[in-house]
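The values are calculated or read from the model by the stated rules, or taken from the named source; none is laboratory data. Since the model is a prediction, treat every value here as computed from it, not as a measurement. All Cβ positions, even for glycine, are placed from backbone atoms using ideal geometry, and neighbour counts span all protein chains on display. What goes into the accessible areas is simple: the full protein's heavy atoms, side chains included, and nothing from ligands, DNA or RNA. Shrake-Rupley method; radii C 1.70, N 1.55, O 1.52, S 1.80 Å.
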Amino acid sequence: MLKKLIAIALLAGLAACSQGNKPASTVSGAGATFPAPVYLKWAEGYKGESKVSVNYNSVGSGAGVKQLLAKTVDFGASDKPMKPEDLEKNGLYQFPTVMGGVVPVVNIAGIHPGQLKLTGALLGDIFLGKITKWNDPAIVALNPGVNLPGTAITVVHRSDGSGTSFLFTTYLAAENAEWSSKVGASDAVNWPLGLGGKGNDGVAAFVKQTEGSIGYVEYAYAKKNGTAFVLLQNKAGQFPAPGADSFAAAAASADWANAPGNYILLLDQPGEQAWPITGATFILVYKDQKTAAKGTAVLQYFDWAYQNGDASAAELDYVPMPAAVKTMVRAQWSQVTSEGKPVYTSTNK
Amino acid sequence: MSVTRPAVSTDQTPVRRDVVDPIFRYVAFFAATLLLAVLGGLIVALLIGGWPALAKFGPSFFFSTTWDPVREVFGAAGPIVGTVVSSFLALAMALPIALGIAIFLTQFCPRAIAQPIAVMTELLAGIPSIVYGMWGLFVFAPWFAKHIQTPLSALGGIFAGVPNGANIFTASVILAVMILPYMAAVFRELFRSIPPQVREAAFGMGATPFEAVTRVLVPYVQKGLVGAVMLGFGRALGETMAVTFIIGNSHAFPTSLFSSSSTLASTIANEFGEASGMHASALIALGLVLFLITFAVLAVARWLLSTQRY
């Protein structure tokens, strides 16, 4: 009798195991502040359907990666993709979730939003302090018919270390050789001149208050009424307007297939309509998950987000990844395993 | 009569007292030493965290103005000078006003309005730092830029700078408003501690109110006043959020009253979230520097206050 009961219990246990890939009831993540609002919104929606709660702490990209390496969280989030060799070294895998764009904004008397055109090289010269007046011949040559005043240029940058600065300085370093050799690219750099505002709010406030100033903010802040955003020349020589379409065009024209570890910066992509300072934000997880249930829950959460999260992302001014990229990422999820078995089995196409 | 008794009612059970008292003593001892242990741990943690940067850059960490996270070259002269200058300016602005408030409240003010003024001054201390920062950035800085800085900046020299209100001077004004309530409150207590006979004696000698205050009362609490000033200075040194919003956050050495600058605390607040490696170590070393400066200032303040007998 007793033996029988044990056998039944074992069988039941086996059955439960073979069903497998049951998600854990809570998972936690930490990292980038930029996508935090959309991750929280998705977590809300996902919890409603799956009863799995996702806790996300927006502590900053650097701190998020640190916490993942210390294994205090189940996933990390970073605005700065990790280099393939570092992924390899730490046994990590990363994938993009949403995109955003960085937009230069100006405050020049008589200049309307989208009226001023600049190139990356000129932008670099301005931020290096080599171009000091708005009616500099180089700017005038690019903007025929625009009445540019002789106001002195004031540069405004981010004072806090941020993914926005990382994208912006990386773009300048790629476009302007002197910027690359003198300043370089990082979350925080040794700015040659100008003043620093804290957060996008701080930069926007200083630009608004300072006649003749130029700064850079995330797209959501540039979109606000009346903010004079600047058009930038992209690789194809075009001047697309910043927005969801031109960010998506950048992601679509990027060469994802040849980017090991999804290490890709969407800067200066070749598409006709591609906005030159576009960036994706990334999720990092261990390739070898200690607890299968945790890994399953994390991937199912982002699977749900890919499937159902585009509307809420767009509402919060993020740009969803193009469908082709999502399909590619879902296929890559089989790399995430626990005891040799993939923790995620595709339920969607 | 019996109303005053309950306060010592535990004395009625002498048996328990033997048990309770030693435990109580240990609990109190533990509470007192816990804070010391935390303080010690903090210093050790700052030293360990900041050591890589201090060891790599040596004395140049304190004298170099290069702060380059990309090349990992760090010198703290800009933030150190920004911290000391902004705090000193704040003190220079707050001191006369705080002194005026305290003298008025204790010497000349009718009782009926002394209390409301005192309460309102202290309410200023209850406003969160970030509110001052937001107000400074969105209200005070634009006003200052338009009406004061723009006309003055034409003069150049110490008034040179981008006229947008984000500079070391506006940061000092905000700081002054923030340290004012603390200084005014301590000043007020000091003047109150003066025995009434001293004041009466001064007036008895035929002193005018001005003479009584400047020649008798202020010298009487001189050391205490200096101590209170140092306490205000210590608070201004470590103030973070409000300053971060308005000082302009430039690591360069400030060259004029209206140039953007940074402080030790604002640099840490700005960059720590995304820092790693040598950058993080340099920021922790900044914390250590700030700790040492504040500690020195407060130690002097305590010493001066303790030599003053009330």
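Which residues, taken from region A:229-242, are touching a residue at least 40 places away in the same chain (Cβ under 8 Å) and not polar (S, T, N, Q)?
Listed by number, the residues that qualify are A:Phe229, A:Val230, A:Leu231, A:Leu232, A:Lys235, A:Phe239, A:Ala241, A:Pro242.
B:Lys223 passes all but one of (1) open to solvent by 70 Å² or more (accessible area, probe 1.4 Å); (2) at pLDDT 90 or above; which number fails?
Looking at each condition in turn, B:Lys223 falls short on (2).
List the number of the failed condition for A:Gln300; all other conditions in (1) out of contact with any Pro (no Cβ under 6 Å at 6 or more places or on another chain); (2) buried (at least 19 other Cβ atoms within 10 Å of the Cβ) hold.
That leaves (1) as the condition not met.
If B:Phe272 satisfies all but one of (1) within 14 Å of chain A (Cβ to nearest Cβ); (2) touching a residue at least 12 places away in the same chain (Cβ under 8 Å), what's the number of the condition it fails?
That leaves (2) as the condition not met.
In the list A:Ala141, A:Ala121, which residue meets the criterion of being touching an Asp or Glu at 6+ places or on another chain (Cβ under 7 Å) and surrounded by fewer than 21 Cβ atoms within 10 Å (Cβ to Cβ)? Explain how you work it out, then say what you get.
Numbers: A:Ala141 fails: touching an Asp or Glu at 6+ places or on another chain (Cβ under 7 Å).
None of the other options fit; the residue is A:Ala121.
Could you list, in sequence order, all residues of region A:37-70 that are over 23 Å from A:Asp310 (Cβ atoms) and free of Cβ contacts under 8 Å to residues at least 24 places away in the same chain?
A:Lys66, A:Leu69, A:Ala70
Could you please give the count of residues in region A:208-241 that are within 14 Å of another protein chain (Cβ to nearest Cβ) and open to solvent by 10 Å² or more (accessible area, probe 1.4 Å)?
3
From A:Leu284, A:Leu265, grab the single residue that is closer than 16 Å to A:Pro81 by Cα, open to solvent by 20 Å² or more (accessible area, probe 1.4 Å) and either touching a residue at least 60 places away in the same chain (Cβ under 8 Å) or in a strand (DSSP E or B) (or both).
Just a single option satisfies the conditions, and that option is A:Leu265.
Would you pick out the residues in region B:189-216 that are closer than 29 Å to B:Leu89 by Cα, more than 25 Å from the chain's Cα centre (by Cα) and surrounded by fewer than 19 Cβ atoms within 10 Å (Cβ to Cβ)?
Of everything in region B:189-216, those that are closer than 29 Å to B:Leu89 by Cα, more than 25 Å from the chain's Cα centre (by Cα) and surrounded by fewer than 19 Cβ atoms within 10 Å (Cβ to Cβ) turn out to be B:Phe210, B:Glu211, B:Thr214, B:Arg215, B:Val216.
Just need a number here: residues in region A:176-196 that are surrounded by fewer than 22 Cβ atoms within 10 Å (Cβ to Cβ), touching a residue at least 24 places away in the same chain (Cβ under 8 Å) and more than 11 Å from chain B (Cβ to nearest Cβ).
1
Take the residues in region B:51-83 that are within 14 Å of chain A (Cβ to nearest Cβ) and hydroxyl-bearing (Ser, Thr, Tyr); name whichever of them is nearest to B:Thr263 (Cα to Cα).
B:Thr65
Answer with yes or no whether B:Pro79 is under 20 Å from the mean Cα position of the chain (by Cα), in contact (Cβ under 8 Å) with a residue 12 or more places away in the chain, in a helix (DSSP H, G or I) and under 19 Å from B:Gly273 (Cα atoms).
Yes; evaluated as a whole, the condition is true for this residue.
Test each condition in (1) within 14 Å of chain A (Cβ to nearest Cβ); (2) among the hydrophobic types (A, V, I, L, M, F, W, C); (3) out of contact with any Lys or Arg (no Cβ under 7 Å at 6 or more places or on another chain); (4) open to solvent by 10 Å² or more (accessible area, probe 1.4 Å) for B:Leu305 and report the one that comes out false.
Result: B:Leu305 fails condition (1) only.
Given the criteria farther than 21 Å from A:Leu265 by Cα and either more than 7 Å from every other protein chain (Cβ to nearest Cβ) or touching a residue at least 24 places away in the same chain (Cβ under 8 Å) (or both), does A:Gly199 qualify?
Details: farther than 21 Å from A:Leu265 by Cα: yes; either more than 7 Å from every other protein chain (Cβ to nearest Cβ) or touching a residue at least 24 places away in the same chain (Cβ under 8 Å) (or both): yes.
It is true that A:Gly199 is farther than 21 Å from A:Leu265 by Cα and either more than 7 Å from every other protein chain (Cβ to nearest Cβ) or touching a residue at least 24 places away in the same chain (Cβ under 8 Å) (or both).
Within region A:206-253, track down each residue that is assigned to a loop (DSSP other than H, G, I, E, B) and either at pLDDT below 90 or of a type in the set (Gly, Ala, Ser) (or both). Before the answer, list the steps.
We begin by selecting, within region A:206-253, every residue assigned to a loop (DSSP other than H, G, I, E, B); these are A:210-212, A:223-227, A:230, A:233-243.
Scanning region A:206-253 gives A:Thr210, A:Glu211, A:Gly212, A:Lys223, A:Lys224, A:Asn225, A:Gly226, A:Thr227, A:Ala236, A:Gly237, A:Ala241, A:Gly243.
Report, by residue number, each residue of region B:94-117 that is in a helix (DSSP H, G or I), of a type outside the set (Lys, Arg) and open to solvent by 50 Å² or more (accessible area, probe 1.4 Å).
Within region B:94-117, B:Leu95, B:Pro96, B:Ile97, B:Phe104, B:Phe108, B:Ala112, B:Ile113, B:Gln115, B:Pro116, B:Ile117 meet the criteria.
I need the full set of residues from region A:307-332 which are in contact with a strand residue (DSSP E or B) (Cβ under 8 Å, 6 or more places away or on another chain) and in contact (Cβ under 8 Å) with a residue 60 or more places away in the chain, in order please.
Of everything in region A:307-332, those that are in contact with a strand residue (DSSP E or B) (Cβ under 8 Å, 6 or more places away or on another chain) and in contact (Cβ under 8 Å) with a residue 60 or more places away in the chain turn out to be A:Gly309, A:Ala313, A:Ala314, A:Asp317, A:Tyr318, A:Val319, A:Pro320, A:Met321, A:Val325, A:Val329, A:Gln332.
A:Ala244 passes all but one of (1) out of contact with any strand residue (DSSP E or B) (no Cβ under 9 Å at 6 or more places or on another chain); (2) surrounded by fewer than 21 Cβ atoms within 10 Å (Cβ to Cβ); which number fails?
(1)
Name the residues in region B:271-297 that are surrounded by fewer than 19 Cβ atoms within 10 Å (Cβ to Cβ) and among the aliphatic types (A, V, I, L, M), would you?
Result: B:Met278, B:Leu292, B:Ala296.
I need the full set of residues from region B:123-139 which are touching a residue at least 40 places away in the same chain (Cβ under 8 Å), within 11 Å of chain A (Cβ to nearest Cβ) and open to solvent by 50 Å² or more (accessible area, probe 1.4 Å), in order please.
B:Ile130, B:Met134
Hey, can you tell me all the residues within region B:146-166 that are open to solvent by less than 50 Å² (accessible area, probe 1.4 Å) and under 18 Å from B:Ser86 (Cα atoms)?
Selection gives B:Gln149, B:Ala160, B:Gly161, B:Asn164, B:Gly165, B:Ala166.
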